[in-house]
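Taking it in order: structure first as structure tokens, then the write-up.
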Amino acid sequence: MASHNDLGRRGEALAKAHLEATGYEILDENWCHAKAEIDLIAYKDKVIIFAEVKTRSGNGFGEPEDFVDNRKQKLLVKAADEYIYLMNHQGEVRFDIIAILFKSETNYKINHIEDAFWPSADLL
């Protein structure tokens, strides 16, 4: 497996542990619909949280969260709509980004951005 895939999987594991440690219940991991994959789907305080995890080993090209562009947001919103429909969820939803930046093998920073974006008309 390519090293960037290993880094991504490691980031997702750290993001999951972070969410669980802060009181979130993990509902699903790597949930797919059409061409979209939602990294983590969590639940807390009657809100379903769709979390995109971005992991990088450096920020020379920007912060990890900068890589969740409009195209990616559209895919996430469409997949989230399907998940909400299948689960018959009637409550609130939220889209978060969990950005993980590794400074070294054992030194990293987690930036959990709640309400990172909201599906505006251009995302639907």
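For region 75-124, run through the trypsin sites (Lys or Arg not before Pro) and keep only the ones in DSSP coil with at most 13 other Cβ atoms within 10 Å of their Cβ. Don't skip to the answer; put the middle values down first.
Numbers: sites: Lys78, Arg94, Lys103, Lys109; in loops: Lys103.
Answer by residue number: Lys103.
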**Q.** Karplus-derived HN-Hα couplings along region 58-68 (A = 6.51, B = -1.76, C = 1.60, θ = phi - 60°), whole Hz, x at Gly and Pro
**A.** x, 10, x, 9, x, 6, x, 5, 5, 8, 9
Q) Taking H as built 1.01 Å from N, whose amide H comes closer than 5 Å to the amide H of Thr55, not counting residues under 5 places away? A) Ile100
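Around Asn111, with a cut-off of 14 angstrom between Cβ atoms, what is the net charge of the other residues, counting Lys and Arg +1 and Asp and Glu -1? Before the final figure, lay out the partial values.
Values: positive: Lys54, Arg56, Lys103, Lys109; negative: Glu52, Glu63, Glu65, Asp66, Asp96, Glu114, Asp115.
Local charge sum for Asn111: -3.
What number comes out for the charge environment of Lys44, summing +1 per Lys or Arg and -1 per Asp or Glu over other residues with Cβ under 11 Å away?
Numbers: positive: Lys46, Arg94; negative: Glu20, Glu25, Asp45, Glu92, Asp96, Glu114.
Cβ neighbours under 11 Å give a net charge of -4.
Given the DSSP H assignment, sum -39500 (n - 2.57) over each helix run of at least 4 residues in the chain and divide by its residue total; what's the result at 222 nm in deg cm²/dmol, nearest 500? Mind showing how you got there, number by number?
On the way: 2 runs with 37 residues, N = 124.
So the helix-based figure for the chain works out to -10000 deg cm²/dmol.
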Q: Within the set of other residues whose C-beta is less than 15 Å from the C-beta of Arg10, count the net charge using Lys and Arg as +1 and Asp and Glu as -1.
A: +1
Q) So what are the ³J(HN,Hα) numbers for region 25-41, from phi and the Karplus equation (6.51, -1.76, 1.60; θ = phi - 60°), rounded to whole Hz, Gly and Pro as x? A) 9, 7, 8, 8, 10, 6, 7, 10, 8, 6, 9, 10, 10, 9, 4, 9, 10
Q. How much length is gained on full extension from Lys35 to Phe61, taking 0.36 nm per residue of separation minus their Cα-Cα distance?
A. 6.8 nm
Q: Amide H neighbours of Ala116 under 5 Å, at least 5 residues apart or on other chains, H built in the peptide plane: list them.
A: Phe95, Asp96, Ile97
**Q.** On Cα atoms only, tilt of 3-21 relative to the major axis of the chain in degrees
**A.** 60
Q: Name the residues whose placed amide hydrogens come within less than 5 Å of the amide hydrogen of Asp28, ignoring near sequence neighbours (fewer than 5 apart) on the same chain.
A: Ile41
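Any read-out appearing in this document is the output of simple, stated calculations on the displayed coordinates, not a laboratory observation. In this text, all values refer to a predicted model and were calculated from it rather than measured experimentally. Methodologically, a virtual Cβ is constructed for each residue, glycine included, from the backbone with ideal geometry; neighbour enumeration extends over all protein chains shown.
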